[in-house]
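Written below as structure tokens is the structure these notes are about.
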């Protein structure tokens, strides 16, 4: 279709000056953006700005804060008995969860991409963990993992353990249990995203490889993985962001315990802010990690934008 | 790896075997949730802890609706989720049209900002939002949730809607404008009807996001009669002795709406998910 000459747009030299600077549709364009801008500034930019402010105060719940400079940061980094444990837990929890999610998600995607019967039914069933509210996931798994819960019951019946294991209440197993529950909840997201990627790989690539005598494993390594590179990167980084900041699963399964053994950033921030009532100090935990997070987001957004433009 | 030749028998066993194990792992917790919710308080524990259903009862459901404020939480959840996602979708439609079809200074930057803000996690925001809501005297009201949920729902809905609007051919809009249709006329008479499935999907995802939200709900609303289902469930656990039967019944009540909505939009789920629809 031939490009119709622009509708009612006057020759550029006749345009009002503002329109020349701000663009053809600036008036309606900006008007339609007003609600969005109100939300972005009022509920995001402004609170984040005040957040930076309160980390410089000894603000507590219900009382005005007093300016104390960088004292919160100093205390957190050098005097806090748990902060570095929290950092360690956060990294183990995040990397462990994301690793398992990627592996199980890849298995799910490959299996669903085979010529199987009832594929959409299976796909729907495998998405169930991701559809259930996180709170429900956490509570149900807590019930399953209880000392008197069904997992201990089954393991005992099978003769694998002789006495019930307090999965969530002892140091050796609490963090691992959280990682597994988080994997259960999150792998369908990987699976379905990778499946979408697998479906875009042309079949003749595999046919050619087979003619050349490539094994299934070689095909996976040299065709499947490289083709999925961007998708893997995007879902992995997205998942890192979300897992790093997870609150519900940790809070509802262990409450950060036993002791501080499973405290991660969000639960520790919450404890400092609302249990100890030290809002300023608690927010410092979040703010100190914000640069890492913003860095990750800045790596991720161009990748997502590129996918969008394709 | 869809192979063109007939899959070997071994391959088939491997594929279906893996599939069945995965499905069992995915579904067992749901089975256990339903089963627990249908058992008598005593049947839940110890010796009778069996995998096969027997002596089922609806007592737990009666209990949570009569003795616990689950009906109120349900109402609050529905109200908050409906209102939140309605507002987000309206904002998203206006902004989406503006960003995709109108040309002016800064529209690209704005589109990037939206993605960036969507990726900002709630754990960074909950203390600042708590302080903001305290200042506005909105703590312990549903208004606090309504506002706080816009922080993730507006960027998310706008981002999704923006994508759908891009798929509508610009020629359609040009044609309508030649026939004398205004910009807003084009949006409401052409773009919106054509992208209705996308807009509805954004609404449903927005609804689910709000429905499932736990952290803001816990921080901003403490009083029992203002809570939503997720934060109500959380208080169940951290408060009394854990009554697993009633708790699992309330969990079912919380789970059913998202699952129904999921079945409705399943076709669109993949595109929504790759944009990172529901955090997980």
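The values are calculated or read from the model by the stated rules, or taken from the named source; none is laboratory data. Please read these numbers as outputs of a predicted model, since none were measured by experiment. Virtual Cβ from ideal backbone geometry, glycine too; neighbours counted across all protein chains shown.
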Taking region B:4-50 and keeping only residues that are at the interface with chain A (Cβ under 8 Å from one of its Cβ atoms) and modelled with pLDDT under 70, one is left with B:4, B:7, B:45, B:46, B:49
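Out of curiosity, is residue A:255 outside any helix (DSSP H, G or I), facing chain B (nearest Cβ under 8 Å) and over 18 Å from the mean Cα position of the chain (by Cα)? First the steps, then the outcome.
Details: outside any helix (DSSP H, G or I): yes; facing chain B (nearest Cβ under 8 Å): yes; over 18 Å from the mean Cα position of the chain (by Cα): yes.
Yes; evaluated as a whole, the condition is true for this residue.
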Filter region B:165-175 for residues that are more than 10 Å from chain A (Cβ to nearest Cβ) and free of Cβ contacts under 8 Å to residues at least 40 places away in the same chain; which is surrounded by the fewest Cβ atoms within 10 Å (Cβ to Cβ)? B:167
Would you check which residues across region B:12-40 are farther than 19 Å from residue B:52 by Cβ and surrounded by 14 or more Cβ atoms within 10 Å (Cβ to Cβ) and list them? B:12, B:14, B:15, B:16, B:18, B:19, B:22, B:23, B:25, B:26
Scanning region B:85-99 for residues that are over 21 Å from the mean Cα position of the chain (by Cα) and facing chain A (nearest Cβ under 7 Å), the one surrounded by the fewest Cβ atoms within 10 Å (Cβ to Cβ) turns out to be B:94
Name the single residue, out of those in region B:100-115 being under 26 Å from the mean Cα position of the chain (by Cα) and crowded, with 16+ Cβ neighbours inside 10 Å, that is farthest from residue A:41 (Cα to Cα). B:100
Look at region A:195-213 and say how many of its residues are surrounded by 13 or more Cβ atoms within 10 Å (Cβ to Cβ) and under 17 Å from residue A:109 (Cα atoms). 6
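When you check residue A:87 against the structure, is it more than 7 Å from chain B (Cβ to nearest Cβ) and either in a helix (DSSP H, G or I) or on the phi < 0 side of the Ramachandran plot (or both), yes or no? Spell out how you get there, then give the answer.
On the way: more than 7 Å from chain B (Cβ to nearest Cβ): yes; either in a helix (DSSP H, G or I) or on the phi < 0 side of the Ramachandran plot (or both): yes.
In short, yes.
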Those residues that are at the interface with another protein chain (Cβ under 7 Å from one of its Cβ atoms) and surrounded by fewer than 18 Cβ atoms within 10 Å (Cβ to Cβ), I need them from region A:108-124; list them, please. A:115, A:116, A:124
Tell me, which residue of region B:123-147 that is under 14 Å from residue A:47 (Cα atoms) and more than 7 Å from chain A (Cβ to nearest Cβ) is surrounded by the most Cβ atoms within 10 Å (Cβ to Cβ)? B:126
Within region B:176-188, considering residues that are touching a helix residue (DSSP H, G or I) at 6+ places or on another chain (Cβ under 9 Å) and over 17 Å from residue A:32 (Cα atoms), the one nearest to the other protein chains (Cβ to nearest Cβ): B:177
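Looking at this structure, is residue A:246 outside any helix (DSSP H, G or I) and either over 25 Å from residue A:97 (Cβ atoms) or at pLDDT 90 or above (or both)? Break it down stepwise before answering.
Working: outside any helix (DSSP H, G or I): yes; either over 25 Å from residue A:97 (Cβ atoms) or at pLDDT 90 or above (or both): yes.
Yes.
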